[in-house]
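J.: Let me give you the structure first, and then I'll get to my questions.
Values in this text are rule-based calculations from the coordinates and carry no lab data. Nothing here was measured: the structure is a model prediction, and the numbers come from that model. Neighbour counts are summed over all protein chains in view; Cβ atoms, including those assigned to glycine, are modelled from backbone coordinates with ideal geometry.
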Amino acid sequence: MGEGPETPRVAVLVPAAGVGRRMGGLRKPFIQVAGRSVLDWALSPFLDRDDVVEVVVALGDWGDPGGVVGRDPRIRTVDGGDSRFRSVANAFDRMESAATVVAVHDGARPFPSPAVIDACIGLAASGCGAVAGIRAVDTVKRTDTEGRIVETPPRDALWYAQTPQVFPRELFARALAHCRAARMVPTDDAAMAERVGEVRMVPSSAINLKITRPQDLAVAETYVARGLV
């Protein structure tokens, strides 16, 4: 895609410092899927875009075993934190570009759709936060600490949030400052941004899976083998 005068400048922040407990301690971003690392798959649709000016990957203390930095001059790595929130915050603090839009994408989510990325960036460029996700297809129950059901929320109002989650830079900075002042540690970026600005859902698909458990690798390999990604 070509750049125009109204094209946003996008920085992509990639939390990739998790310890992979549900994967037996394997570093999920560096697991191979069809001969490529999960992180390599995850970054590709962003690196294909001319409006992406910077990619900051937050890694753990094992460094960069996949050689991600050498793949593209726009990529840098920083130290991750002890939570997803702190890894994203570290990456944001160390941005070097004059990006106007901030996109956050999980390093363990290999197949973000280029069309969904485009829609999310378009919303963020208009001043609104955007979150990729899929509508809930299962009934969701809310329970108390003893497991007793206390509520069955209407399913038609529920979504499963994914990434990318994309925001105007100014909105993201305010949301981050708010969480730090309140000593909050949200589990995703929309959870902090929706407190200080408008955030909308963008329909995605189940193909945009996150590698969390061993069976997810088999699903990812099947997607590649069937030409779905």
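J.: Restricting things to alpha carbons, tell me how big region 184-229 is in terms of Rg and Dmax, in Å.
T.: Calculated on Cα positions, Rg and Dmax stand at 15.2, 42 Å.
J.: Got the relative contact order for the chain handy, in percent, Cα pairs under 8 Å and 6 or more residues apart?
T.: Result for the chain is 23 percent.
J.: Further question: Taking θ = phi - 60°, what integer Hz values does the Karplus form 6.51 cos²θ - 1.76 cosθ + 1.60 yield along region 190-207, in sequence order, with x for Gly and Pro?
T.: The phi angles translate into 5, 4, 8, 6, 5, 7, 10, x, 7, 9, 10, 8, 10, x, 10, 8, 5, 5 Hz.
J.: Relative to 2.2 N^0.38 Å, what does the C-alpha radius of gyration of region 34-85 come to as a ratio? Two decimals please.
T.: With N residues counted in region 34-85, Rg over 2.2 N^0.38 Å equals 1.17.
J.: Using a Förster distance of 25 angstrom, determine the FRET efficiency expected from the C-beta separation of residue 228 and residue 9, and round it to 0.05.
T.: 0.20
J.: OK, next. Given 0.36 nm per residue, what is the gain on full extension from residue 215 to residue 178 after removing their alpha carbon distance, in nm?
T.: Contour length minus the Cα-Cα distance gives 9.6 nm.
J.: Could you work out Rg/(2.2 N^0.38 Å) for region 108-157, with Rg from alpha carbons only?
T.: 1.67
J.: Need one number: nm distance between label points at residue 170 and residue 151, each 7 Å from Cα along Cα→Cβ, rounded to one decimal.
T.: 3.3
J.: Something else: Estimate the FRET efficiency between residue 76 and residue 126 by the formula 1/(1 + (r/R0)^6), using the beta-carbon distance for r and 35 Å for R0, to the nearest 0.05.
T.: For residue 76 and residue 126, the calculated efficiency is 0.80.
J.: Taking region 13-142 as the region of interest, what is the percent of Cα-Cα pairs per 5 angstrom bin, listed from the shortest bin to the one with the maximum distance?
T.: So the P(r) values, bin by bin, are 2, 10, 19, 23, 20, 14, 8, 3, 1, 0.
J.: Something else about it: Report, for the chain, the % of DSSP beta bridges that are antiparallel, rounded to 5.
T.: Of all bridge pairs located within the chain, approximately 40 percent are antiparallel.
J.: So between residue 140 and residue 185, what do we pick up on full extension, going 0.36 nm a residue minus the alpha carbon distance?
T.: Using 0.36 nm per residue and subtracting the Cα-Cα distance, I get 13.8 nm.
J.: Based on Cβ point charges of +1 for Lys and Arg and -1 for Asp and Glu, what charge dipole magnitude is obtained for the chain about its Cα centre, in debye rounded to the nearest 20?
T.: Dipole magnitude for the chain comes out near 600 debye.
J.: To continue, here is another question. Per Stokes-Einstein, at 25 °C and 0.890 mPa s, what whole-number D in µm² s⁻¹ belongs to region 107-194, with the Kirkwood radius over Cα pairs as the hydrodynamic radius?
T.: This corresponds to a translational diffusion coefficient of 164 µm²/s.
J.: A further question on this structure: Within the chain, which is the longest segment containing none of the GluC sites (Glu not before Pro) that sit in a DSSP loop and have at most 10 other Cβ atoms within 10 Å?
T.: My reading of the result: 7-95 is the longest stretch.
J.: For the chain, what is Rg from Cα atoms divided by 2.2 N^0.38 Å, rounded to two decimals?
T.: For the chain, the normalised Cα radius of gyration is 1.00.
J.: Suppose R0 equals 30 Å. What FRET efficiency, 1/(1 + (r/R0)^6) with r the Cβ-Cβ distance, do residue 61 and residue 161 give to the nearest 0.05?
T.: 0.60
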